[in-house]
């Protein structure tokens, strides 16, 4: 663990050094534009190289943080007797399809379809890994449900409020037209990792870690895409699919600059700014990184430090590969209070079915969970639309 923290601190220092170098070279680029109305190709290439280096360092920092989170999770559960018994039970199921009588009694093993209803420890490990690596899941409100859906009241308007002693005769009710009932459906998500029988028999192979990492990696990619672009019918409804969320025009054809980001920032209501975050593709953030405030000449972007996430105008900024890259008419940047604006629902168990027959010599593990998501407050988000 200490080795990981030392490496993390080293990479954070490296990031700060690269950022300082980036600013020096970019300032030189801006001087060339001001004096010559032209940028030396060597300067541009140098700047691009540093920009890519910053992103490479950020990726390495993320991997180190993931390793630390994974190690912490293992340390939390390794001395728990119930977890040890559960792991032994899961190990038996993965290897042979059998489970102990105790866990059969607890309905961990479904005799009808030879499926394994996962113990809460596997769910917690997968869901914690998902939250650490799925940006929208990390930022949004999550509710565990026992059924297949959750009904919520969507209120995008203002309701009546005042001190009780002031003009009590004119107290009015909430505007009912602003209240809408929305049902968030939990949709089935599946993964089917497979492994050879020979590897299953390897006593040195960590089976529960293998299946946990395989499942969360696939689930993470599918969830990331759905929370942004999902159709709401067979998947969670994506934030970018709503016409009801205000779109702010970038003012530049197929591009954006400092003024675009500042305009987007100030379009979000103050009550959502304190808990707001930016989300964009890595390539869009690279373009934003060179931006300065026209008045103060301060850079909008600041790198991550030991105590905080990287920021844009002081607001945490995250990159997601499922966000649209910069192009004419693209919805390339979201700012919003995700906890106030997006609700994720999920059932509290993951189901695993062992299949040693259909693809020999592999053993497949058909794994399902139910998850849904939807926007519950349109005003909590603003989206930057690049001009056409």
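State whether one or more residues within region 310-319 are closer than 30 Å to residue 151 by Cα and either out of contact with any helix residue (DSSP H, G or I) (no Cβ under 8 Å at 6 or more places or on another chain) or in contact (Cβ under 8 Å) with a residue 40 or more places away in the chain (or both). Scanning region 310-319, I find at least one residue that is closer than 30 Å to residue 151 by Cα and either out of contact with any helix residue (DSSP H, G or I) (no Cβ under 8 Å at 6 or more places or on another chain) or in contact (Cβ under 8 Å) with a residue 40 or more places away in the chain (or both), so the answer is yes.
Listed here are the residues, each with its yes/no results for (1) crowded, with 16+ Cβ neighbours inside 10 Å; (2) at pLDDT 80 or above; (3) assigned by TED's automatic domain parsing to the domain that holds residue 351.
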| site | (1), (2), (3) |
| --- | --- |
| 1 | no, no, no |
| 6 | no, yes, no |
| 9 | no, yes, no |
| 18 | yes, yes, no |
| 33 | no, yes, no |
| 47 | yes, yes, no |
| 75 | no, no, no |
| 88 | no, no, no |
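Can you run down the residue pairs with Cβ atoms below 8 Å, 6 or more apart or on separate chains, where the first is in region 131-159 and within 21 Å of residue 275 (Cβ to Cβ) and the partner is part of a loop (DSSP other than H, G, I, E, B) and modelled with pLDDT under 75? Matching pairs, first to second residue: 155/174; 157/174; 157/175; 158/175; 159/174; 159/175.
So that you can scan it fast, the table gives a plain yes or no per residue for (1) surrounded by 12 or more Cβ atoms within 10 Å (Cβ to Cβ); (2) at pLDDT 90 or above:
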position	(1), (2)
26	yes, yes
50	yes, yes
57	yes, yes
62	yes, no
81	no, no
85	yes, no
100	yes, no
104	yes, no
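You will find that of 248, 252, 239, the residue that is modelled with pLDDT of 95 or more, surrounded by 13 or more Cβ atoms within 10 Å (Cβ to Cβ) and farther than 30 Å from residue 145 by Cβ is 248 and no other.
Restricting attention to region 35-45, the residues that are in a helix (DSSP H, G or I) and surrounded by fewer than 13 Cβ atoms within 10 Å (Cβ to Cβ) add up to 5. Note on region 288-366: enclosed strands (runs of 3 or more DSSP E) holding 3 or more residues that are touching a strand residue (DSSP E or B) at 6+ places or on another chain (Cβ under 7 Å), surrounded by 21 or more Cβ atoms within 10 Å (Cβ to Cβ) and at pLDDT 90 or above are 331-336, 342-347. Residues in region 220-232 that are more than 18 Å from residue 374 (Cβ to Cβ) and surrounded by 18 or more Cβ atoms within 10 Å (Cβ to Cβ): 220 only. Here the condition is being under 21 Å from residue 220 (Cα atoms) and outside the structural domain of residue 146 (by TED's automatic domain parsing); of 295, 352, 334, 290, it holds for 334 alone. May I ask you to verify whether residue 58 is in a helix (DSSP H, G or I), at negative phi and in contact with a strand residue (DSSP E or B) (Cβ under 7 Å, 6 or more places away or on another chain)? Taking the combined requirement at face value, the residue does not satisfy it.
The values are calculated or read from the model by the stated rules, or taken from the named source; none is laboratory data. These figures come from a predicted structure and were not determined experimentally. All Cβ positions, glycine included, derive from the backbone under ideal geometry; neighbour counts span all protein chains shown.
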